[in-house]
Amino acid sequence: MTPTSTATHLSYRAGGGGAVTRRAALLVIGVLAIQLAFVTSYLGAFHRPEPHRVDLAVVAPEQTRGELVRNLDDLSGEPLDAHPVQDEAEAVHRIRHRETDAALVVDPRGTRDRLLVAGGAGASLAQAVEQVVRQVERAERRSLATTDVAPASSGDSRALSAFYLVIGWCVGGYLCAAALAISAGARPATPRRATVRLGVLALYAALSGLGGAIIAGPVLDALPGSLFALWGLGALVVFAVGAATLALQGLLGVVGIGVAILLVVVLGNPSAGGAYPYPLLPDFWRTIGPALPPGAGVWTARSIAYFQGNAVTGPLLVLAAWAAAGTLLTLLSSALRGRTHQSPELVPRAPDHPYG
């Protein structure tokens, strides 16, 4: 049975004689599809996290450095992407600037080496790298001590606060856009109405960003870093997601809300690098994550909190692109709709009598 025939069957059989319209039945089928996609996406991303080519800087004596790097690169499953650096200071600099995930510092005079990690980038990533490197060290009959050079704050268990904060902002963005659609129709009839909606969304984004930053910072002490930087990030995340949702609603009607949920929640959340940073995710989610608002937001929030705002240009450009594209498409779809469907308030009122 095709989806259309199924919808027709439901519309006349469910609840008895037309209790469910064909449109409602199609929406129910769409909800089921999104639900199954949600389960598939989350389980696919999280059911078996494994490190894949985690960027590892190696500090070792010149005579042994090349062989060590090759051995680490050739590990089964390619968990590490090792490369040499000159000294420990360079390794620490690269970690704090988010240019590498971890660093192995080999002791040339003894058998106790050190692993430098960044817990602020995600506790699961630091633990995964430590597990892999420790196995290598054990096979070489060497010991390993781990040092966290960018630790998460005491109020940020496992460095997950940035993830939950950004997800909250994303939820606010598409719910605000959905509320505007429910109150006055999914597709704004004129560019003026579209502009008003975008203006309301911008105000909401500013308030939402500020509220989230205050809760995460001064209220709960979950995230360190600049309150104003987090506020700006939150406003941009909320507006980017909301504008994209408005654009999808303008193009697709109420179905656009479902597409927005598919992009932001079903695909965006598990690929955001929150619970498991990018090197621990399967190829598909690792690839799409940086291009979606949740991933760009989580990376930036962690950079603000633990890495002095380093390495945020790319993610901020991603968020700006979503915001700009959503704004332009919202205005364009309303302009095109205004040409074909004249707004009721613009239709001239017919005279009461033939001769006025």
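The values are calculated or read from the model by the stated rules, or taken from the named source; none is laboratory data. Computed from a predicted model, the values in this text were never measured in an experiment. Methodologically, a virtual Cβ is constructed for each residue, glycine included, from the backbone with ideal geometry; neighbour enumeration extends over all protein chains shown.
When the stretch 34-53 is filtered for residues that are within 30 Å of L75 (Cβ to Cβ), surrounded by fewer than 13 Cβ atoms within 10 Å (Cβ to Cβ) and among the aliphatic types (A, V, I, L, M), only L43 remains. The residues of the stretch 54-67 that are surrounded by fewer than 19 Cβ atoms within 10 Å (Cβ to Cβ), within 14 Å of V136 (Cβ to Cβ) and not β-branched (V, I, T) amount to a single one, E67. For the stretch 22-39, the criterion of a residue being aliphatic (A, V, I, L, M) and more than 30 Å from the chain's Cα centre (by Cα) is satisfied by at least one position. Just to be sure I understand the filter: pairs with C-beta atoms under 6 Å, separated by 6 or more residues or on different chains, first member in the stretch 77-96 and outside the structural domain of P279 (by TED's automatic domain parsing), second member part of a helix (DSSP H, G or I). Which pairs pass? Between residues of the stretch 77-96 that are outside the structural domain of P279 (by TED's automatic domain parsing) and residues that are part of a helix (DSSP H, G or I), the close pairs are P79/V132; L80/L72; A82/V69; A82/L72; A82/D73; P84/R65; P84/V69; V85/A91. The one condition from (1) buried (at least 20 other Cβ atoms within 10 Å of the Cβ); (2) over 11 Å from the mean Cα position of the chain (by Cα) that L292 does not meet is (2).
Please enumerate the residues belonging to the stretch 137-151 that are assigned to a loop (DSSP other than H, G, I, E, B) and under 18 Å from A103 (Cβ atoms). The answer is E140, R142, V149, A150, P151.
For the stretch 196-253, taking the residues that are of a type in the set (F, W, Y) and more than 13 Å from T300 (Cβ to Cβ), the one that is surrounded by the fewest Cβ atoms within 10 Å (Cβ to Cβ) is identified as F228. Scanning the stretch 47-100 for residues that are within 16 Å of V117 (Cβ to Cβ) and in contact with a Gly (Cβ under 9 Å, 6 or more places away or on another chain) returns a single hit, P51.
The number of residues in the stretch 255-292 that are among the polar types (S, T, N, Q) and part of a helix (DSSP H, G or I) comes to 1. Applying the selection to the stretch 137-170, what residues are buried (at least 17 other Cβ atoms within 10 Å of the Cβ), without any contact (Cβ under 8 Å) to a residue 60 or more places away in the chain and within 23 Å of S271 (Cα to Cα)? Once the filter is applied, which keeps residues that are buried (at least 17 other Cβ atoms within 10 Å of the Cβ), without any contact (Cβ under 8 Å) to a residue 60 or more places away in the chain and within 23 Å of S271 (Cα to Cα), the stretch 137-170 yields only G168. Take the stretch 108-165 and flag every residue that is more than 18 Å from N71 (Cβ to Cβ), touching an Asp or Glu at 6+ places or on another chain (Cβ under 7 Å) and of a type outside the set (A, V, I, L, M). Within the stretch 108-165, G119, T146, G155 qualify. When residues in the stretch 272-323 are screened for being among the basic types (K, R) and within 21 Å of V92 (Cβ to Cβ), 1 of them pass. For the stretch 266-273, check the following and say yes or no: at least one residue is at positive phi and buried (at least 21 other Cβ atoms within 10 Å of the Cβ). Yes, the stretch 266-273 has at least one match.
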